[in-house]
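Beneath this line is the structure, given in structure tokens, with notes to follow.
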Amino acid sequence: MIISTRSLFLLAILSFVFIQTTFASVFSQLQFIKISSPKSGQDITAGEKVVIKYVMQPLIKDNVAAGKALKLSINFHKRSGNKKQEKIRTVFSSCPIAAKEDKYVTYSKKWTVPKNTTPGSYAFDFQELVQLRRGQMVAIETVKFFTVPHICISGETLSSTEYFVRAGGKGANQSIAFAKAGGRVYHAGNFGHDAAWRNGRAFIQVSKETGDNCIVLYPGTNGTNTPEEAAEVLNSFGPGDWLVQQNEISHGGDIMKLAAEKGLNILFNPAPLTKGILKDFPFDKVTILVVNEHEAKALYEELGGKKDIKGLELAAEMLTIFDSMKGIIITLGGEGVVAKFKEESKVHDFKIPSRKVNVKDTTAAGDTFVVSKKKKKKKKKKKKKKTAENRKYL
């Protein structure tokens, strides 16, 4: 049998690949490093500290030395389904790996998940350089986890725990909140044929762990409002009155212009923040703007802003751009709220931290935030002195 040089070369390559594959298979069973934390499939909150714990196997076990670990690094990856996407950052470039003979050694480290990590599927990749008898190889072990709020992501199916159907919508939520706070409210809108508050449909996922939500919105009859209907409603209102508006109804920009022409003050909560909203709504007619930090940043960038700013600095920039506004309020979720208000030639800054509570559900939190009610101070009742005359009545 005659074998050409080329065939021998190809055979050598195939043999090498086979040996490497075999070594990889053997290594996956050897597990020089065993990961005990975090566990695959667990939920991890963005911004929290994660305990990373791994166990080094002995250099010699049962009088056998299979090999040893030379280096261990840990990386943080984004995942899509079962596929690994880009590396986000290095967790630890070089971890302690000193092992002992016939003794397991445990190492523990803490790492903070970046606060800006969005909900979804992620992984820690433990990348280990190993010295075997006949060479070195790199082995990777992956620990998959989710960052909460664990909202359904592309290609994923989750089981729900509860299902509710409730009345709502941004306008309805705000109107009811104003009424509960003692305000005089006129709520205008179109009902569907069922006349049961179901002008539209909002499919809301709520995280059991944090109470955060994700919303898919269908406008329904909220998308049938016309300027003519709004003009008829606004005939009963004028200077001194307020229009509280969102971005969930049709012809919102036209309605805002009509209200401004009649001298109404306008409080605008531009949610959901749709593309091109600056063209659809006359922001120069707005008296008070209420936005969350993401909406504020998006508006600022759409206006051509390029600075990396946030908080009061962002509010100041926005108030300068919209110079006709009296105030801008930026909500910061769990961090509280900042605001800037103009009063003649003075500008007042407000920075209020949030009170930490056990969050059950954030649905409508942004809607009802636009309503506030000053608490009345309770008058202290004067205690009667216990005298012989009144003691018998106590």
Condition first: touching a helix residue (DSSP H, G or I) at 6+ places or on another chain (Cβ under 8 Å) and either of a type in the set (D, E, K, R) or modelled with pLDDT under 90 (or both). Now tell me which residues in region 278-295 satisfy that. 280, 285, 292, 293
Can you tell me which residues in region 300-355 are of a type in the set (Gly, Ala, Ser), loosely packed, with under 14 Cβ neighbours inside 10 Å and over 21 Å from residue 367 (Cβ atoms)? 304, 324, 345
Select from region 247-260 the residues that are in contact with a strand residue (DSSP E or B) (Cβ under 8 Å, 6 or more places away or on another chain) and open to solvent by 10 Å² or more (accessible area, probe 1.4 Å) and write down the one among them that is modelled with the lowest pLDDT. 248
If I filter region 261-284 for residues that are open to solvent by 40 Å² or more (accessible area, probe 1.4 Å), in contact with a Leu (Cβ under 6 Å, 6 or more places away or on another chain) and either outside any loop (DSSP other than H, G, I, E, B) or under 16 Å from residue 223 (Cα atoms) (or both), do I get at least one hit? no
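The values are calculated or read from the model by the stated rules, or taken from the named source; none is laboratory data. Bear in mind the structure is a predicted one, so any value in this text is a computation, not a measurement. Ideal geometry is used to build each Cβ from the backbone, glycine not excepted, and the neighbour counts take in all protein chains shown. Each accessible area value is taken on the protein alone, full model and side chains, heavy atoms only, with ligands, DNA and RNA left out. Shrake-Rupley method; radii C 1.70, N 1.55, O 1.52, S 1.80 Å.
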